[in-house]
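Below: the structure, in structure tokens.
Computed from the coordinates by the stated procedures, all read-outs in this text should not be read as laboratory data. Keep in mind that this is a model prediction, so the values were computed, not measured. No Cβ is skipped: glycine too gets one built from the backbone with ideal geometry, and neighbour counts run over all protein chains shown.
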């Protein structure tokens, strides 16, 4: 198959007064029929470059389980002065509305014997920071065929 440039030259040659002369330092190879510079080193065949990674599919947030997040939040709130009696939180998985939204939120707060307003003021920035840093791992869906059957269900 002729290349686009060769076709263009052959089309334009009769209109310009003939084919252009080939430069002296080029030869035509037998294998491919293409012009090659004389005395030039052959090209080294390199493996194709790996496909660029998709930047939009990366999530820089660290995957943590619900129990790990609850423990981290509890320890962070207890470190705040006046919140030593804080008991903990309950985390719930949610469906994010956009790619950058968190896939978890606080479902409940266990205040213990402390003032609720102080606990909420300490908890709010901690949760906002952790929602940007951590995510819950994707749920593993088990198929029905992998469930063990009981002996009486034949």
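Structure values in brief
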quantity: Stretch gain in nm, segment residue 129-residue 97, where the contour uses 0.36 nm per residue and the Cα spacing is subtracted; calculated: 9.7 nm
quantity: Neighbour-count order for 97, 64, fewest beta carbons within 10 angstrom listed first; calculated: 97, 64
quantity: Computed FRET value (nearest 0.05) for residue 90 with residue 60, which takes r as the C-beta separation and R₀ as 30 Å; calculated: 0.70
